[in-house]
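To start, the structure itself, in C-alpha cells.
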C-alpha cells in the first residue's frame with residue numbers, strides 16, 4: 001500500500017495529464033479514428049463482445065498541468081456486438097468500415113459504422129486460407145481508391161482482398177508455413193511482416209514473392225516469441241525497424257539490410273512475457289527515436305534508442321507507466337497485465353494503454369530527462 005501511495009504522490013510530477021476509465025470488458029485493440037476517437041473491442045471467448053467507438057476526454061486539450069485525474073469522461077459514439085473474440089481491429093481509412101479478426105479464425109468480419117445512428121453492424125465476411133484452431137489472421141490495410149485488406153495467419157496464407165469486390169488482388173504463393181505475429185502496410189505497394197520466430201521481411205507486391213528478409217535475431221533462443229514495428233519513413237534516418245522478444249530483448253534493424261541488427265539491448269522487464277500474443281513495440285509518431293514496449297507486466301516502458309551504443313547490452317527506460325499497477329491499490333505481484341498500448345497520432349507524449357482488468361488509461365508523460 002505504501003508503494004501505491006508513493007506512486008500517487010510522484011505521479012503529480014511524472015504526468016502532464018492522466019485519465020482513467022473502466023471498460024465493460026478488457027480489450028486487446030486500440031485503433032485510432034482521427035485525433036479524438038478510438039475503437040476498443042472485447043476478446044473473451046464464448047460470449048458476445050462489445051465493439052465501441054469512444055471519444056476521448058475533452059480535458060486532454062487543456063495545456064496546463066492537471067496532475068492525476070482518474071475520471072469516467074470518455075463518451076461512446078458508436079457500438080456493436082461480436083459473437084467472436086476480437087484480437088485485431090483495423091479502420092479502413094476514408095470509409096465507415098472496420099475489419100476484425102480473432103478466434104475462431106475461420107474468417108475476417110467486415111463492419112460498418114452508422115452514419116445516422118450509433119450502431120456498428122456486421123455487413124460481410126472474408127474467408128481466410130489458414131483455418132486452424134489456434135491461429136487467427138493478422139490484419140493491415142492498403143489505403144487507396146479501392147482499399148485492400150492484407151491478412152494472413154502464416155506466410156503461406158498471405159492475401160490482399162479488395163474490400164468492395166472481395167477479389168484476391170495479391171497472394172504470397174509460398175509454401176512457407178512460418179506463423180505471423182504482425183503485418184504492417186508501408187505504402188501502396190509494400191508491406192512488412194514479422195514471424196513469431198523473429199523473422200522480418202519487406203515485401204513488394206508488384207513482384208513475385210521474394211521478400212528482403214532476415215532469419216530470427218536469436219536462433220535457438222528457447223522458444224522466444226517476437227513482434228515488430230516499422231517506423232514511418234518521415235520520422236528520421238535508419239534504423240527503422242524495432243523487434244521485441246518475449247524475454248525482453250529489443251533489436252533495431254536498418255530496413256536497407258536485414259542481415260543483422262544495428263543494435264540490440266536487454267530491457268529490464270520483470271519476467272518473460274506470460275502471453276507473447278500481447279507483446280507490443282511501437283514507434284512514437286511525434287518524437288524522434290522513441291519506442292514503447294508492453295506485454296510483460298502491468299507497465300508500459302518508453303526508451304530513447306539514440307542513447308544506446310554498440311557496447312551496451314542493457315537499456316534503461318526513459319519513462320515507465322505504472323498506473324495499471326498502483327491506481328486501484330494493486331501491488332506489483334498481483335498487478336494486471338497490459339494488453340496493448342498506442343501513441344496519440346498528434347500529441348507527442350500522449351499514450352493510451354489497456355490492461356486485462358478492463359482498465360483504459362490516457363496519459364501524457366513528462367520527460368524529466370528532456371532527451372527526446
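Taken together, 74, 81, 87 contain a single residue that is under 23 Å from residue 360 (Cα atoms), in contact with a helix residue (DSSP H, G or I) (Cβ under 8 Å, 6 or more places away or on another chain) and surrounded by fewer than 21 Cβ atoms within 10 Å (Cβ to Cβ), which is 87.
Within the range 112-138, track down each residue that is under 27 Å from residue 230 (Cα atoms) and surrounded by 22 or more Cβ atoms within 10 Å (Cβ to Cβ). Outline the logic, then answer.
Going residue by residue through the range 112-138, those that are under 27 Å from residue 230 (Cα atoms) are 126, 128-130, 134-138.
136, 137, 138, listed by residue number.
Close contacts from the range 159-170, counting a first residue that is in contact (Cβ under 8 Å) with a residue 12 or more places away in the chain and at positive phi and a second that is surrounded by 13 or more Cβ atoms within 10 Å (Cβ to Cβ) and in a strand (DSSP E or B), with Cβ to Cβ under 8 Å and a gap of 6+ residues or different chains, come to 166/124; 166/126. When the residues of the range 157-166 are narrowed to those that are in contact with a strand residue (DSSP E or B) (Cβ under 7 Å, 6 or more places away or on another chain) and in a loop (DSSP other than H, G, I, E, B), which ends up modelled with the highest pLDDT? If we take residues in the range 157-166 being in contact with a strand residue (DSSP E or B) (Cβ under 7 Å, 6 or more places away or on another chain) and in a loop (DSSP other than H, G, I, E, B), then 158 is modelled with the highest pLDDT. Take the range 237-268 and flag every residue that is in a loop (DSSP other than H, G, I, E, B) and either within 18 Å of the chain's Cα centre (by Cα) or surrounded by 19 or more Cβ atoms within 10 Å (Cβ to Cβ) (or both). Scanning the range 237-268 gives 239, 240, 246, 247, 248, 258, 261, 267.
Out of everything in the range 173-213 that is in contact with a helix residue (DSSP H, G or I) (Cβ under 6 Å, 6 or more places away or on another chain) and farther than 27 Å from residue 247 by Cα, what residue ends up being surrounded by the most Cβ atoms within 10 Å (Cβ to Cβ)? So the residue we want is 174. What do you reckon, is residue 59 modelled with pLDDT under 85, more than 29 Å from residue 153 (Cα to Cα), out of contact with any helix residue (DSSP H, G or I) (no Cβ under 6 Å at 6 or more places or on another chain) and not in a loop (DSSP other than H, G, I, E, B)? Taking the combined requirement at face value, the residue satisfies it. Out of 189, 127, 176, one residue alone is over 29 Å from residue 258 (Cα atoms), in contact with a strand residue (DSSP E or B) (Cβ under 8 Å, 6 or more places away or on another chain) and free of Cβ contacts under 8 Å to residues at least 24 places away in the same chain. It is 127. Of all residues in the range 250-276, those that are within 24 Å of residue 339 (Cα to Cα) have Cβ atoms under 8 Å from Cβ atoms of residues that are surrounded by fewer than 16 Cβ atoms within 10 Å (Cβ to Cβ) and modelled with pLDDT under 90, 6 or more apart or on another chain, in 265/312; 265/313; 265/314; 266/313; 266/314; 268/314; 270/332.
The values are calculated or read from the model by the stated rules, or taken from the named source; none is laboratory data. Only a predicted model underlies this, so the values are computations on that prediction, with no experimental measurement involved. All Cβ positions, even for glycine, are placed from backbone atoms using ideal geometry, and neighbour counts span all protein chains on display.
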